[in-house]
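Nothing in this text is a laboratory measurement; each read-out follows from the coordinates by a stated rule. As the structure is a computational prediction, the values presented were derived from the model and not from experiment. As a convention, Cβ positions derive from the backbone with ideal geometry for all residues, glycine included, and neighbour counts pool all protein chains shown.
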Amino acid sequence: MDLSVSDISSAAPTSANRLALAALLIGGAAIGGSPIFVRLSEVGPMATAFWRVGLALIPLLIWAKATEKTAADTRPQGLADYAMLVLPGVFLAVDLAAWHLSLHMTSVANATLLANLAPIFVTLGSWALFRAHVSRLFIVGLATALIGVVTLKGGPMKLGGGDLAGDATAIVAAVLYAGYILTVGRLRSRFSTNRIMVWSTASAAVCIAPMVFFLESSFMPTALFGWAMLIGLAFISHAGGQGMITYALAFLPPAFSSLTLLLQPVVAAILAWILLNEPVGLMQAVGGIIVLAGIMVARRG
């Protein structure tokens with residue numbers, strides 16, 4: 001069943017909703033670790049994106065096989081259903097390509113901030129395509145969280161120096177991620193998390209493979225550490241993070257679920273501090289608190 005934004009506050013709290021919210025937050029945190037894996041990867045950005053989805057098929061297929069008799073699911077009924085199951089993977093593949101490309105075209109601060117604008121496009125898409133009601137309190141929470149992201153990146157004065165084409169590419173990545181969230185949200189009314197994740201991940205791998213062939217010369221890491229980074233990215237960030245978000249979309253609306261994207265720079269900053277010795281400054285700490293406050297306000301709206 002699909003829920004509008006206002007349905008969250010009007011419906012009585014249920015154990016399923018609480019579990020979905022927990023999965024949403026954990027999933028957002030798991031994806032938030034992806035920049036660390038990408039930063040430490042030994043292969044290029046497109047090859048890293050391919051292995052992210054390609055290797056993720058291993059735990060996804062094992063889990064799907066183990067739960068095929070217990071998971072509530074509907075089999076695809078025709079070509080239209082199969083096309084809809086593939087569509088999120090197409091969005092995800094081009095999103096990852098645009099996101100990685102933007103990091104090489106503009107400043108990291110610009111690329112990260114602009115790619116994190118996906119919740120705006122998800123909210124607009126939910127309203128325009130599905131006539132979902134968006135409350136004023138939700139808009140206040142969304143705006144607060146976005147202000148927190150800007151603060152996390154050092155404030156507006158730190159966002160200069162970016163290339164216009166790179167900035168535009170990062171915005172394209174945000175729009176594509178919004179398309180991913182919206183299509184997965186619609187599919188969860190009919191299909192299980194397992195089916196959606198397997199189909200979308202496989203189609204993303206197929207779409208990314210030609211990009212690696214034409215754009216990069218290095219495809220496979222040469223050291224065990226390089227494989228460990230790719231496996232962590234695939235198992236933790238994609239299979240774990242995206243899987244939990246996909247599960248949560250059956251109980252929470254896409255507009256609210258997309259706000260987990262704003263958790264990612266917070267988690268990334270903390271992990272970079274711990275693992276890469278990049279200290280968290282006052283602006284980053286304040287920004288993280290504002291992001292979390294904005295998400296809490298949006299949750300009440």
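Miscellaneous remarks
- Per-q log10 I(q)/I(0), segment 167-213, q = 0.16, 0.17 Å⁻¹ (Debye; single scatterer per alpha-carbon; no solvent): -0.57, -0.63
- Taking 0.36 nm per residue of separation and subtracting the Cα-Cα distance, full extension of the segment from VAL206 to ARG75 would add 45.0 nm.
- The slack in the chain from LEU61 to GLU42, taken as 0.36 nm per residue of separation less the alpha-carbon distance, amounts to 4.2 nm.
- In units of the rule-of-thumb radius 2.2 N^0.38 Å, segment 212-259 shows an alpha carbon radius of gyration of 1.64.
- Karplus 3J(HN,Hα) series, Hz, for segment 85-101 with 6.51 cos²θ - 1.76 cosθ + 1.60 (x for Gly, Pro): 6, 7, 3, x, x, 5, 4, 5, 4, 6, 4, 4, 5, 5, 4, 5, 5
- Ranked by the mean number of other Cβ atoms within 10 Å of their residues, highest first, the peptides 167-173, 92-98 come out as 92-98, 167-173.
- Across segment 33-98, the volume of the C-alpha convex hull divided among the residues equals 114 Å³ per residue.
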